[in-house]
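This report concerns only the one structure given below.
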Amino acid sequence: MDKSKRLFLKSKRSFRRRLPPIQSGDRIDYRNMSLISRFISEQGKILSRRVNRLTLKQQRLITTAIKQARILSLLPFLNNNEKQFERGESTVRTVSLRTRNK
């Protein structure tokens, strides 16, 4: 078999199918914080459907549940990280240096 024909053959690798992240008994609701927190990044962003491995309907329900929980103050809109505080300190230092030079 020459090289050009080998490119079109499918590989026969077996792969392990991942389990769906939401089981049939799980209720997608804004009060179910253990379920909702799995679909939020460290920065507080809603993870995409491709990352979550959800169906379109499940992703829509998760998104609305997260937004409802944020509005009702069950979830923060932003997660405060230490990195944000470090950036804030560095800006203070640069401002103070500018005032000294004047």
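The values are calculated or read from the model by the stated rules, or taken from the named source; none is laboratory data. Please read all numbers here as calculations on a predicted model, not as lab measurements. Cβ placement follows ideal geometry from the backbone for every residue including glycine, while neighbour counts extend to all protein chains displayed. These area figures cover heavy atoms from the full protein model, side chains too; ligands, DNA and RNA do not enter into them. Shrake-Rupley method; radii C 1.70, N 1.55, O 1.52, S 1.80 Å.
Could you list all residues from segment 1-28 that are basic (Lys, Arg), under 22 Å from the mean Cα position of the chain (by Cα) and either modelled with pLDDT under 85 or more than 30 Å from Pro76 (Cβ to Cβ) (or both)?
First, the residues of segment 1-28 that are basic (Lys, Arg): 3, 5-6, 10, 12-13, 16-18, 27.
Remaining after also requiring under 22 Å from the mean Cα position of the chain (by Cα): 17-18, 27.
Residues satisfying the conditions are Arg17, Arg18.
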Margin query: Restricting to segment 29-62, name every residue that is polar (S, T, N, Q) and under 11 Å from the mean Cα position of the chain (by Cα).
Written below: Ser37, Ser41, Gln43, Ser48, Asn52
Checklist line | Hits in segment 29-53 (condition: out of contact with any Leu (no Cβ under 9 Å at 6 or more places or on another chain), open to solvent by less than 60 Å² (accessible area, probe 1.4 Å) and closer than 14 Å to Leu74 by Cβ) | finding: Asn32, Leu35
Notebook entry, point to check: Which of the residues belonging to segment 33-58 are under 18 Å from Leu19 (Cβ atoms) and in contact with a helix residue (DSSP H, G or I) (Cβ under 6 Å, 6 or more places away or on another chain)?
Noted result: Phe39, Leu47, Arg49, Asn52
